[in-house]
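Working notes, beginning with the structure itself.
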Amino acid sequence: MTVEQQVTSAATPTVPAGTRRRSRRDEILEIAVGLFAARGYHGVSMDDIGAAAGVTGPALYHHFAGKEAMLAAALIPVSEELLAGGRSRVAERASDPRGALESLIDFHVEFALANPAVIALHLNELDRLPEEPRRQIRRLQRLYVEEWVSLLTALHRGLSAGEARVLAHAAFGLMNSTPFLGGEVDRQRRAALLRAATLAALLVDPDS
């Protein structure tokens, strides 16, 4: 499976069972995210999205003001859900930093495997957004990073917050590699490899 096929086939964040049914707006957004991730933001027009969704121009603009609105609608909820999910995992095992870290890694790896297209948008297209939504996403991202930092400083005595951020961002590089992974390794094995590599990287003693 090519990168384009992979990111297009998993275009929007997965939602837990039992949540609301997808609307026509959700379906259009899924198509737009897949196209943005596969072709690049500037390589996709509103006409392209409308054609792929089988929607006429006026109907498309009924749901979204334009491509920027679509991009914001894809990235802001993801950032909110990552922060909420991360905080929940850490709070559940507050007295066990190692266990909380393992749970947080599991959470992020599952997200990354389910949503390579959204990760591709974060990596490549975030700067296309206007200042205010971009600032909102950056703030949510920083808060999410701090959940990792708090765990890492609890696990490694003497590790500064700045040093912990270096390790956290290195871990994100591992876990967020999913848009670039081929399909030659099955999903379960990819998850196991990403979890093991990330945990090993974060448990290493920087002073050893």
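So that you can scan it fast, the table gives a plain yes or no per residue for (1) closer than 19 Å to VAL118 by Cβ; (2) within 16 Å of the chain's Cα centre (by Cα); (3) part of a loop (DSSP other than H, G, I, E, B):
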{"site": "GLY50", "(1), (2), (3)": "no, no, no"}
{"site": "PRO58", "(1), (2), (3)": "no, no, no"}
{"site": "LEU83", "(1), (2), (3)": "yes, yes, no"}
{"site": "SER95", "(1), (2), (3)": "no, no, yes"}
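Give ALA72, ALA91 a once-over and let me know the one that is at pLDDT 90 or above and in contact with a Pro (Cβ under 8 Å, 6 or more places away or on another chain).
Working: ALA91 fails: in contact with a Pro (Cβ under 8 Å, 6 or more places away or on another chain).
Of ALA72, ALA91, the one residue that is at pLDDT 90 or above and in contact with a Pro (Cβ under 8 Å, 6 or more places away or on another chain) is ALA72.
Looking at GLY183, GLY158, GLY162 in this structure, which one is small (Gly, Ala, Ser) and either outside any loop (DSSP other than H, G, I, E, B) or free of Cβ contacts under 8 Å to residues at least 40 places away in the same chain (or both)? It would help to see each step written out before you state the result.
Numbers: GLY183 fails: either outside any loop (DSSP other than H, G, I, E, B) or free of Cβ contacts under 8 Å to residues at least 40 places away in the same chain (or both); GLY158 fails: either outside any loop (DSSP other than H, G, I, E, B) or free of Cβ contacts under 8 Å to residues at least 40 places away in the same chain (or both).
Result of the check over GLY183, GLY158, GLY162: GLY162.
Which one of these does ASP127 not meet: (1) over 21 Å from ILE76 (Cα atoms); (2) at pLDDT below 95; (3) in contact with a helix residue (DSSP H, G or I) (Cβ under 9 Å, 6 or more places away or on another chain); (4) exposed (fewer than 14 other Cβ atoms within 10 Å of the Cβ)?
(1)
Pick from LEU199, LEU194, LEU174, LEU181: which is over 18 Å from the mean Cα position of the chain (by Cα) and of a type outside the set (Asp, Glu)? First the steps, then the outcome.
Values: LEU194 fails: over 18 Å from the mean Cα position of the chain (by Cα); LEU174 fails: over 18 Å from the mean Cα position of the chain (by Cα); LEU181 fails: over 18 Å from the mean Cα position of the chain (by Cα).
Going through LEU199, LEU194, LEU174, LEU181 in turn, just one is over 18 Å from the mean Cα position of the chain (by Cα) and of a type outside the set (Asp, Glu): LEU199.
Scan LEU82, LEU35 and give me the residue that is aliphatic (A, V, I, L, M), under 30 Å from ALA154 (Cβ atoms) and at pLDDT 90 or above. Break it down stepwise before answering.
Details: LEU35 fails: under 30 Å from ALA154 (Cβ atoms).
After ruling out the rest, the residue left standing is LEU82.
Being open to solvent by 60 Å² or more (accessible area, probe 1.4 Å) and part of a loop (DSSP other than H, G, I, E, B) is the filter here, so list the residues in the range 22-48 that pass it. Spell out how you get there, then give the answer.
If we filter the range 22-48 for residues that are open to solvent by 60 Å² or more (accessible area, probe 1.4 Å), which is where we start, we get 22, 24-25, 27, 39, 42, 47.
Within the range 22-48, ARG22 is the sole residue that qualifies.
For the range 54-63, enumerate the residues that are hydrophobic (A, V, I, L, M, F, W, C) and either loosely packed, with under 15 Cβ neighbours inside 10 Å or at pLDDT 90 or above (or both). If you could, list the steps in order and put the result at the bottom.
Taking the range 54-63 as the starting set, the residues that turn out to be hydrophobic (A, V, I, L, M, F, W, C) are 55, 59-60.
If the condition is that a residue be hydrophobic (A, V, I, L, M, F, W, C) and either loosely packed, with under 15 Cβ neighbours inside 10 Å or at pLDDT 90 or above (or both), then ALA59 is the only one that fits.
The values are calculated or read from the model by the stated rules, or taken from the named source; none is laboratory data. Since we're looking at a predicted model, the values are computed, not measured. Because the Cβ atoms are built from the backbone with ideal geometry, glycine has one as well, and the counts that use them run over all protein chains shown. The area values use the complete protein model at the heavy-atom level, side chains included, leaving out ligands, DNA and RNA. Shrake-Rupley method; radii C 1.70, N 1.55, O 1.52, S 1.80 Å.
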